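One structure is given below, encoded as structure tokens.
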Amino acid sequence: MASPDDIKDRPPGQQRPYPAPTKTGDIPFTPPGTTLQCKTHYSIYGTLDNSKNAKPPLVCIHGGPGATSIYMRPFSLLNVDYGFPVVIYDQLGCGQSTHLRDKKGDRSFWTLDLFVAELRNLLEGLRIETVDLLGHSWGGCIAVRFAAQLQDQHRPPTKLRNLTVAQSTARLSDRTPYFEKQMERLPSPHGEAAKLAHETPGGATDTPAYKAALKAYSHHHLCRLEPWPAEFTGCMAAMADDDTVSSAFEGTEDRFDLLADIRRLSGEVVPGGLLVFNGKYDQSVDEVVRPFYELPTVPEERKEWVRFGRSSHMAMLEETEEVMRVVGEFSMRE
């Protein structure tokens with residue numbers, strides 16, 4: 001699927017096995033405004049320790065909406081390499097957390113704030129007093145909204161130390177024109193099919209040619225590994241099996257403008273600093289990532305933006321070791 005121009009940049013992928021979790025479990029969760037008895041499934045690598053000199057855990061928030069945490073497993077290597085605990089969890093409606101298929105189509109239920117409430121509940125349930133957050137793609141939206149809401153809490157039960165926004169988009173509606181450009185630049189015949197569809201009134205996207213172009217797009221801008229690793233195919237299969245969450249957010253890009261949340265963040269909320277990263281071939285292009293980095297209240301010496309030169313949207317799978325080095329060194333900073 002790769003074009004001749006980018007074969008030389010084919011990412012190396014994961015080179016070593018992932019550790020087994022130290023502990024797995026479920027945190028009870030009742031979505032706000034309901035009486036539903038749900039659970040959030042989590043995996044811990046290492047041991048949670050709230051003592052004064054202990055390094056805060058890194059809590060990793062997967063994307064989607066509606067993906068599972070399976071593709072976030074590379075971050076478990078941070079516990080092996082740097083010693084601090086790592087928590088990875090499945091969001092409501094995903095993976096081993098509670099599925100709510102009867103809520104399909106209920107856009108008033110499936111909101112960004114629902115998943116922020118779930119994150120808050122997870123942190124309180126695990127008794128995490130200080131945390132480092134890493135949100136990937138849609139997970140970055142959750143992390144930023146969570147951080148912005150800390151501004152309103154005089155004594156939040158969990159304090160945020162640093163924040164990593166990984167391959168996210170500050171305003172989802174801004175990504176559409178870049179997506180169309182990326183589609184039209186695909187190798188022949190896919191680029192031509194995409195251009196024709198985009199120029200046709202109403203968009204001729206329900207054709208075999210356009211669907212083939214979308215598949216090629218996935219190989220260029222979602223995950224460039226050949227073949228796709230099990231962590232990525234497993235994630236895609238899980239979303240296809242239960243699209244309750246993902247379908248609730250289709251066509252709702254205008255609901256996700258995080259610029260106001262970004263402006264509300266202060267250096268006091270993220271005292272440890274801010275790491276932003278994306279990939280050279282990412283669907284989250286520089287233009288839609290930049291607003292996160294330009295957070296004005298975080299000092300320049302506390303901000304870092306890394307662009308992984310061989311990755312698309314799954315840098316943790318595509319350039320595993322380099323991503324772990326960057327995130328690990330950032331998390332170890334005082």
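Things worth noting here:
- For L160, the residues whose amide H sits under 5 Å from its own are V131, ignoring neighbours fewer than 5 places away on the same chain, with H placed 1.01 Å from N.
- Fluctuation leader among E301, E118, E180 - the chain, Gaussian network, Cα springs under 10 angstrom: E301
- Largest-first ordering by accessible area, 1.4 Å probe, given options H198, H313: H198, H313
- Length-normalised contact order for the chain - Cα pairs under 8 Å, 6+ apart - percent: 22 percent
- Point-charge dipole on Cβ atoms (K/R +1, D/E -1) for the chain, about Cα centre, debye to 20: 540 debye
- In Å², nearest 10: area of K303 left accessible to a 1.4 Å probe: 20 Å²
- Of L275, L36, L48, the residue with the greatest mean-square motion in the GNM of the chain, using alpha carbon springs below 10 Å, is L36.
- When Rg and the Kirkwood Rh are both derived from Cα coordinates, the Rg/Rh ratio for the stretch 16-55 amounts to 1.16.
- Cα gyration tensor category, rounded, prolate or oblate, for the stretch 282-334 with a/c compared to 1.5: oblate
- What the phi angles of the stretch 229-245 give under the Karplus curve with 6.51, -1.76 and 1.60, with θ = phi - 60°, is a coupling list of x, 4, 5, 7, 5, x, 5, 5, 5, 5, 5, 5, 5, 9, 9, 4, 6 Hz, glycine and proline written as x.
- Using alpha carbons only, the radius of gyration of the chain set against its Kirkwood radius gives Rg/Rh = 0.95.
- Cα pair distances exceeding 24 angstrom across the stretch 69-170, given as percent: 25 percent
- Residue of V80, V285, V144 that the Gaussian network model of the chain assigns the largest fluctuation, springs spanning Cα pairs under 10 Å: V80
- Per-peptide packing, taken as the mean over residues of other Cβ atoms within 10 Å, places 204-215, 259-270 in the sequence 259-270, 204-215 from highest down.
- Counting only residues at least eight positions apart within a chain, or on another chain, the lysines with an alpha carbon under 24 Å from that of K159 are K23, K39, K52, K55, K303.
- Inter-part distance, the stretch 199-267 to the stretch 172-192, computed on C-alpha centroids, equals 13 Å.
- Dividing the helix sum by the residues of the chain, where each DSSP H run of 4 or more adds -39500 (n - 2.57), gives a mean residue ellipticity at 222 nm of -10000 deg cm²/dmol.
- Under 16 Å from the Cα of K195 - lysines, other chains or at least 8 residues apart: K181, K211, K215
- Largest to smallest accessible area among W138, W228 [probe 1.4 Å]: W228, W138
The values are calculated or read from the model by the stated rules, or taken from the named source; none is laboratory data. All of these numbers come straight from a predicted model, not from anything done at the bench. All Cβ positions, glycine included, derive from the backbone under ideal geometry; neighbour counts span all protein chains shown. These area figures cover heavy atoms from the full protein model, side chains too; ligands, DNA and RNA do not enter into them. Shrake-Rupley method; radii C 1.70, N 1.55, O 1.52, S 1.80 Å.
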